[in-house]
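In what follows, a single structure is set out as structure tokens and then discussed.
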Amino acid sequence: MTKALTPTNRAALRALSRFFFLAWRNDHGGARVAARLILGMYNGTRFPFDLTDLRLLDGQMLEDAMALMLFDARIRLEVHDWLNKVYGRNDFGERFEHLAHMWKLKGKCKKEWLIKLEKFEPAVLFHEQQEGGAV
């Protein structure tokens, strides 16, 4: 993208990164909501999101969810493409499919459809970087 990110968009990307890695690494209720929300943004037809699940989030996570929904409403890239851009990868689409399988979204993603992914543990997560990091 040639257009620089606004502070609001950068905050939303930090929230997206936080939600993805929360959902990828955890199995508690907040992680489930994070997974369902970003999967809904990834493909809302296959992974519908129940808005009443937002009631399960604490204050900061709710603010992050709202920022993410506003960011995604004026889409420039799909959520998985943003994460690809942020982390310099090209496999977040597949990672979202694995995420759907991990959260056992029945009938939505079958194990046999998944391709093997290389392990990915970034040294620094985008949402933990200092302000002004590259995107």
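The values are calculated or read from the model by the stated rules, or taken from the named source; none is laboratory data. What you are looking at is a predicted structure, and each value in this text was computed from that prediction instead of being measured. What goes into the accessible areas is simple: the full protein's heavy atoms, side chains included, and nothing from ligands, DNA or RNA. Shrake-Rupley method; radii C 1.70, N 1.55, O 1.52, S 1.80 Å.
Considering Cα pairs under 8 angstrom that are at least six residues apart, work out the relative contact order of the range 30-129 and quote it in whole percent.
That works out to 24 percent.
At a 1.4 Å probe, what is the % contribution of carbon and sulfur to the accessible area of the chain?
Carbon and sulfur: 53 percent of the exposed surface of the chain.
Kirkwood hydrodynamic radius for the chain: how many Å is it when counted over pairs of different Cα atoms?
Result for the chain, one decimal place: 15.2 Å.
So how exposed is Ile115, as accessible area in Å² (1.4 Å probe, rounded to 10)?
Result for Ile115: roughly 90 Å² accessible.
Starting from the Cα coordinates of the range 67-120, work out the convex hull volume and express it per residue in Å³.
Taking the convex hull of the Cα positions in the range 67-120, it is 106 Å³ per residue.
I want to check a number: in the chain, how many lysine pairs have alpha carbons closer than 21 Å, given a sequence separation of 8 or more or different chains?
Number of lysine pairs found: 9.
Leaving out ligands and nucleic acids, and using a 1.4 Å probe, what accessible area per residue does the chain come to in Å²?
Accessible area per residue: 58 Å².
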